[in-house]
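> I'd like to ask some things about the structure below.
The values are calculated or read from the model by the stated rules, or taken from the named source; none is laboratory data. These numbers come from a predicted model, not from an experiment. No Cβ is skipped: glycine too gets one built from the backbone with ideal geometry, and neighbour counts run over all protein chains shown. The accessibility values were calculated without ligands, DNA or RNA, using every heavy atom of the protein model including side chains. Shrake-Rupley method; radii C 1.70, N 1.55, O 1.52, S 1.80 Å.
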Amino acid sequence: MNQVNFRLKEDEKNLLKIIAGLQGIPISQLAKQIVLKEIEPKRIDIAFRLLKEGKCGRKRAWKLSGLSYHEFMNEWSLRNAEELIPDEIYEKSLEVALSLDLESFKKKNIE
């Protein structure tokens, strides 16, 4: 678990205290609910924007979206999304692939 702190004016804190008290929950839980409710409708768009800009990969975008993997892949299809992979990673992948000893992957004949 992580923690997020922010400052409030005294009257803002008192307002939250009253609202949280009416709901029977701590101020921290009320603040968390409000923040998560505010970002919920934006999560999917944010995740796919970051993916498009190359600021995150598919797995991180999926986690940020808040969708199940199946829902995320459906959304991926609807948006014609693409994962931007830097050239260095392509080059490194090619280098690794070309350096593999393919003999170790062949079936061996036992006679």
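> So if I take the centroid of the Cα atoms in the stretch 19-34 and the same for the stretch 74-89, what is the distance between those two points in Å?
39
> All other residues with a Cβ under 15 Å from the Cβ of GLY54 taken together, and with Lys, Arg as +1 and Asp, Glu as -1, what is their net charge?
+1
> Across the chain, how many lysine pairs, 8 or more apart or on two chains, come within less than 19 Å at their alpha-carbon atoms?
Qualifying lysine pairs in the chain: 14.
> Let me spell out the model: positive unit charges on the Cβ of Lys and Arg, negative unit charges on the Cβ of Asp and Glu, origin at the Cα centre of the stretch 47-111. What dipole size does that give, in debye rounded to 20?
Value, rounded to 20: 380 debye.
> On to the next question. Could you size up the charge dipole of the chain around its Cα centre, putting +1 on the beta carbon of Lys and Arg and -1 on that of Asp and Glu, and report it in debye to the nearest 20?
For this selection, approximately 540 debye.
> Next up: Over all alpha-carbon pairs in the chain, figure out the percentage whose distance exceeds 24 Å.
Value for the chain: 57 percent of Cα pairs lie more than 24 Å apart.
> If you count only protein heavy atoms and use a 1.4 Å probe, how large is the accessible surface of ILE39, to the nearest 10 Å²?
Estimated to the nearest 10 Å², ILE39 gives 70 Å².
> Which one of GLY24, LEU94, MET73 has its Cα pushed farthest toward the positive end of the charge dipole of the chain, where Lys and Arg give +1 and Asp and Glu give -1 at the Cβ?
GLY24
> Oh, and also: Using the heavy atoms of the protein chains alone and a 1.4 angstrom probe, what is the accessible area of the chain per residue in square angstrom? List each step's numbers first, then the result.
Numbers: 10040 Å² over 111 residues.
Computed with neighbouring chains in place, this is 90 Å² per residue.
> Hey, what's the per residue convex hull volume over the C-alpha atoms of the stretch 43-88, in cubic angstrom? Walk me through the intermediate numbers first.
Working: hull volume 2.9 nm³, N = 46.
In the stretch 43-88, the Cα convex hull volume per residue is 64 Å³.
> For the chain, which whole percent of the accessible surface, found with a 1.4 angstrom probe, sits on carbon and sulfur atoms?
56
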